[in-house]
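Since the structure comes first, as structure tokens, the remarks are kept for the end.
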Amino acid sequence: MTNPTKTTIPMSDKLAGVRYELRGKVLAAAEKIEAAGEKVLKLHIGNPAPFNFHAPESLHESVAAHLRDAQGYTSSKGLLSARTAIVDNLTVRGVENIKADNIFMGNGVSELIVMACQALLNNGDEVLIPAPDYPLWTAAVRLAGGKAVHYLCDEAEDWFPSVDDMRAKLTPNTKAVVLINPNNPTGAVYSEDRLKEIATFAAENNLVVFSDEIYSRIVFDDAVFIPMAKIIQDLDSRVLCMSFDGISKNSFAAGFRCGWMTLSGDLDGAADYITGLIMLASLRLCPNVPAMFAVEAALTQPDGMADLLAPGGRLYEQRALAHRVVNSIPGMSCTMPKGAFYLFPKFDPKALDIGNDEDFAMGLLQEHKVMIVPGTAFNYPTEDHFRIVFLSEIEELDMAVNAIKTFSIARQG
């Protein structure tokens, strides 16, 4: 018997331009270093568990108590008790007239982002996405056949979205605008005035608003998170708002894979789109059932988050340390983040005598065994930023950010 000729099996053309550098080249290089027996200080990914941030015990207890009730499928939209708890939480936050039927549970917000894009976009449709962004948004739009058009967030204005740039990039093909608030990777928390500007822009141009609010409870200092659904409600705007939230970050339960998507605003005008969402939700039958039993506890039980975010709290002090050290480095600057757990510093490639952000990340990894993510991984147009995750405990974080300082100063000769 002759062996058939071996052929190469290529990836789909749909993956052209899709990337997720948070787990890309720098991570591959870090894994080789670890395989050789050396430790890498990881400032690259927002996964709370490895840094000793744990979900409240009430979440574990609720899941354990309901395991026998979690053996079958639920509604394709998810567990009714979880969706009811979300409605109650939104009401407390000032978002009115939401019904449990307007909420879709998902296996993390990531699944719901992909679902929302697939149900909305035809080939060639455009979506306005922030630069920098969380790269899943760009990938999800491209996989759905759409085109990601990046509007700038202004570093000089605390990384707020530029509505002028949104207007400049609007075309007849634009179908939606994405917000990430609180923001990953910059840590910005948007003001009420800026959110109103964006809601008005969306209404004027008949755009769907996708509001990624997965860090909604992680805000510092005098920052206040305002749900986009409340802004659109208060303006009585004829806009469909799709809000995304979950327990991955707000409750340090990333591995539970439990998020939700809330539909508000112009639901009547979106009836056909909602039919498409129901179809996609039904195709995957239902979300992870055990994890949904954690939602009510996550939204109603004390969890200690406020203590972590206040002066003296772990997240507050780690943010302060990372920001202080980065801003003490010649040729580097960083806006103080008001939310989430990221910094997005800027460096001067000429002052540091380094080519670009990927060279910076690779050099830091090879010389000091510290892992960061290049800024271009977040679809930022210039190669002079990088992201730091400040979840590491204070002693390790101190070593890591001071290694960044040592590396940067050494590059300046």
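The values are calculated or read from the model by the stated rules, or taken from the named source; none is laboratory data. Just so it is clear, the structure is predicted and the values come from calculations on it, not from any experiment. Reconstructed Cβ throughout: ideal geometry from the backbone, glycine too, with neighbour counts over all protein chains shown. Surface accessibility is based on the protein's heavy atoms, side chains included, excluding ligands, DNA and RNA. Shrake-Rupley method; radii C 1.70, N 1.55, O 1.52, S 1.80 Å.
When the surface is traced with a 1.4 Å probe over the full set of protein chains, residue 92 keeps roughly 130 Å² accessible. When only alpha carbons are used to place a centre, the range 245-291 and the range 94-169 end up 15 Å from one another. Please report the relative contact order for the chain, taking Cα pairs under 8 Å with a sequence separation of at least 6, and give it as a percent rounded to a whole number. Value for the chain: 23 percent. Close amide-amide hydrogen proximity is noted between residue 150 and 129, each under 5 Å apart and 5 or more residues distant or on a separate chain (H modeled in the peptide plane; Pro and chain starts excluded).
Using the Karplus relation 6.51 cos²θ - 1.76 cosθ + 1.60 with θ = phi - 60°, the per-residue 3J(HN,Hα) values for the range 281-298 come to 4, 5, 4, 9, 6, 6, x, 4, 6, x, 5, 5, 6, 8, 5, 4, 4, 4 Hz, with x marking Gly and Pro.
For the range 346-359, putting each phi into the Karplus relation 6.51 cos²θ - 1.76 cosθ + 1.60 with θ = phi - 60° gives couplings of 10, 10, 9, x, 6, 5, 8, 6, 9, x, 7, 5, 5, 4 Hz, in residue order, rounded to whole numbers and with x for Gly and Pro.
Can you tell me the accessible area per residue over the range 209-365, all protein chains present, probe 1.4 angstrom, in square angstrom?
Computed with neighbouring chains in place, this is 36 Å² per residue.
A Förster radius of 22 Å, combined with the Cβ-Cβ distance separating residue 101 from residue 69, puts the computed FRET efficiency at roughly 0.55.
Straight-line reach from residue 230: taking Cα to Cα under 20 Å and skipping same-chain neighbours fewer than 8 places apart, the lysines in range are 99, 196.
Using just the C-alpha positions of the range 178-261 as equal point scatterers, what log10 of I(q)/I(0) does the Debye formula give at each q in 0.15, 0.18, 0.19 1/Å? Rounded to two decimals, the profile gives -0.54, -0.75, -0.82. Normalising the Debye intensity of the chain to I(0), with uniform scatterers on Cα atoms only, and taking log10 at q = 0.08 Å⁻¹ returns -0.44. Here the chain is assigned +1 on the Cβ of each Lys and Arg and -1 on the Cβ of each Asp and Glu. Its dipole about the Cα centre then comes out at about 1080 debye. When the trypsin sites (Lys or Arg not before Pro) in the range 209-282 are filtered for DSSP coil states and for at most 14 other beta-carbon atoms within 10 Å of their beta-carbon, the remaining sites are 238. Accessible surface computed residue by residue for the range 370-413, with neighbouring protein chains in place and a 1.4 Å probe, gives 34 Å² per residue.
Among the trypsin sites (Lys or Arg not before Pro) found in the range 292-363, those both in a DSSP coil and sparsely packed, with 16 or fewer other Cβ atoms within 10 Å of their Cβ, are 350. Here the extension length gained between residue 279 and residue 5 equals 94.5 nm, from 0.36 nm per residue of separation less the Cα-Cα distance.
Think of a 1.4 Å ball rolled over the protein heavy atoms: the range 61-206 then has 41 Å² of accessible area per residue. Shape annotation for the range 256-300: C-alpha extents along the principal axes are 34, 25, 11 Å, from largest to smallest. With helices as the sole contributors, the chain gives -11000 deg cm²/dmol at 222 nm; each DSSP H run of n ≥ 4 counts as -39500 (n - 2.57), and the sum is divided by every residue.
Backbone geometry of the range 98-106 corresponds, through the Karplus equation with coefficients 6.51, -1.76 and 1.60 at θ = phi - 60°, to 3J(HN,Hα) couplings of 8, 10, 4, 5, 8, 10, 10, 7, x Hz, x marking Gly and Pro. Surface composition of the range 199-350: carbon plus sulfur atoms contribute 54% of the solvent-accessible area (1.4 Å probe, protein chains only, all chains present). Exposed loop sites were defined as GluC sites (Glu not before Pro) in DSSP loop states (anything but H, G, I, E or B) carrying at most 14 other C-beta atoms within 10 Å; in the chain the longest segment without such a site runs 97-392.
Using Cβ point charges alone (K and R +1, D and E -1), the dipole size of the range 126-215 about the Cα centre works out to roughly 500 debye. Peptides 5-13, 46-54 ranked from most to least packed give 46-54, 5-13, packing being the mean of other C-beta atoms within 10 angstrom over each peptide's residues.
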